[in-house]
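In what follows, a structure is listed as structure tokens, so that the remarks can point back to it.
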Amino acid sequence: MKKSCLIFFSFIMAFASCKAGSVVTQSGWGEVDGEGISLYTFENENGMVVAVSNFGASIVKMAIPDVGGKLTDVVGGYDALAELVADKSYQGPLVGRYANRIKDGKFEIDGESYQLSINENTNHIHGGISGFGKKVWASSIVAKNGGDVVVMTYTSEDGEEGYPGKMTVTVEFDLDGDNNFAVEISAVCDAATVVNLTPHLYFNLNGEGSVLDHRFKINGSAYLPTDAQLIPTGQLTDVTGTPFDFRNFKKIGQDINVKNPDLVFGGGYDHNWVIDGFDGTMREQCHLIGDKSGIQMQIFANQPGLQFYSGNFLDGSITGKGSVAYGLRSLIVLEPQNFPDAPNHENFPNAVLRPGEVYNSKIIYRLTL
Ligand code: BGC
């Protein structure tokens, strides 16, 4: 083969290996406190597009062509960075140091008591007043396995929001050629602390309108009932014969208004499901199907729980992308994670991270037709 042909051949191979995953581009998305904020956009050969930002390690777009070929963005969020900065509903950021609620913001490790900041009623939620989702993360595109991933890091100082110990968190985002968008979160600390990290994503697989006719399946045979402030009581309740039974596909709206005491406090679903067969390996947690778009999403994770929040507090007062008001039942939140308030329940999975250990949470969002 002539040298020029060889060069051409290797160029095509390099391009092809790049196409096996996705192409990532970086662009500016404004500034926060004088620091430039980036938007990283992944695109694969199927036309799936995912955008992430280093403000809050946020996922701001996840789109694929629907059955009619229309590119459909399936996550809530904002067009402008300033709106994400001001957001109080957690539209897409990584929440932590501890996702969801810790009762009264209190817990103990090794007999030592800690008091976290209080930012909802008398409780601590999603990492506090200025949690990980409100921080500017260091970020870059990194070459890995012949493709590109986006890596973000943030160091949380000892005492931040009341948490003990310094913690360094790394998040790696990656879109492959089979529409698997992977988020891998790891963390290390220099003193015993608690940790629970997950992206707080709102979904509507039709891209707009109601989610009540989406079909939904959760691979969980038990859920955690809560008190009036949505803190788990500590019980694990069998879903059999209750509105919480999503083990076979059913419409989200099918039982959402059933008179069940556990549906009253949140005004719908706002509970953690206990994933069947949890053993720390990757498992399918749930499967959602958009009734109009035909878009399907499976979530796989190595986490013991899935928080399913049916957007009960959405009332049209938030204006999201494309100037659309997010009304009741227009979006649902799905969060693979450890159980809420686990640091205060001995029968819940361990939430304590100690020096020398590495926290690892891996989540894959697979979008298909
Ligand atoms: C919680 C909801 C809460 C929402 C926004 C979800 O993770 O389960 O109760 O309203 O986050 O903070």
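Before moving on, here are some points about what is shown:
- Residue count for region 83-115, restricted to those that are within 14 Å of the ligand (Cβ to nearest atom) and β-branched (Val, Ile, Thr): 2
- Residue within region 307-318 that is at pLDDT 95 or above and under 12 Å from residue 363 (Cβ atoms) present: no
- Test: residue in region 185-197 that is within 22 Å of residue 332 (Cβ to Cβ), among the aliphatic types (A, V, I, L, M) and not in a strand (DSSP E or B): yes
- Residue within region 91-110 that is touching a helix residue (DSSP H, G or I) at 6+ places or on another chain (Cβ under 8 Å), surrounded by fewer than 24 Cβ atoms within 10 Å (Cβ to Cβ) and among the hydroxyl-bearing types (Ser, Thr, Tyr) present: no
- The criterion of being at pLDDT 95 or above and either within 16 Å of the ligand (Cβ to nearest atom) or under 23 Å from residue 310 (Cβ atoms) (or both) does not hold for residue 165.
- Positions within region 38-56 being assigned to a loop (DSSP other than H, G, I, E, B) and more than 17 Å from the chain's Cα centre (by Cα), in sequence order: 45, 46, 47, 48
- A single member of 155, 170 is more than 26 Å from residue 202 (Cβ to Cβ), part of a strand (DSSP E or B), in contact (Cβ under 8 Å) with a residue 12 or more places away in the chain and among the hydroxyl-bearing types (Ser, Thr, Tyr), and it is 155.
Here is a yes/no grid of residues against (1) within 16 Å of the ligand (Cβ to nearest atom); (2) in a loop (DSSP other than H, G, I, E, B):
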residue	(1), (2)
228	yes, yes
258	no, yes
267	yes, yes
285	yes, no
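- Checking 221, 140 one by one, the residue that is surrounded by fewer than 22 Cβ atoms within 10 Å (Cβ to Cβ), part of a strand (DSSP E or B) and without any contact (Cβ under 8 Å) to a residue 24 or more places away in the chain is 140 and no other.
- Any hit, region 278-287, residues being in contact with a Lys or Arg (Cβ under 7 Å, 6 or more places away or on another chain), of a type in the set (A, V, I, L, M) and farther than 17 Å from residue 226 by Cα: yes
- Taking the conditions (1) surrounded by fewer than 16 Cβ atoms within 10 Å (Cβ to Cβ); (2) more than 16 Å from the ligand (Cβ to nearest atom) in turn, residue 51 satisfies each one other than (1).
- As a summary of the residue check, residue 329 satisfies the conditions (1) outside any strand (DSSP E or B); (2) away from the ligand (no atom under 16 Å from the Cβ) except for the one numbered (2).
- Failed criterion for residue 152 (all others in (1) within 16 Å of the ligand (Cβ to nearest atom); (2) closer than 20 Å to residue 183 by Cα hold): (1)
- Criterion applied to 340, 336, 349 was being over 18 Å from residue 168 (Cα atoms), within 16 Å of the ligand (Cβ to nearest atom) and either part of a loop (DSSP other than H, G, I, E, B) or in contact with a Gly (Cβ under 7 Å, 6 or more places away or on another chain) (or both), and the one residue passing it is 340.
- Residue in region 73-82 that is more than 19 Å from the chain's Cα centre (by Cα), over 17 Å from residue 181 (Cα atoms), within 16 Å of the ligand (Cβ to nearest atom) and outside any loop (DSSP other than H, G, I, E, B) present: no
- Matching residues in region 111-133 - criterion: being crowded, with 17+ Cβ neighbours inside 10 Å, in contact with a helix residue (DSSP H, G or I) (Cβ under 6 Å, 6 or more places away or on another chain) and among the β-branched types (Val, Ile, Thr): 118
- Any hit, region 298-305, residues being of a type in the set (Phe, Trp, Tyr), within 22 Å of the chain's Cα centre (by Cα), within 16 Å of the ligand (Cβ to nearest atom) and at pLDDT 95 or above: no
- Set 346, 335: member being within 20 Å of the chain's Cα centre (by Cα) and of a type in the set (Asp, Glu): 335
The values are calculated or read from the model by the stated rules, or taken from the named source; none is laboratory data. All values derive from a computational prediction rather than experimental measurement. Cβ: placed from backbone, ideal geometry, glycine included. Neighbour counts: every protein chain shown.
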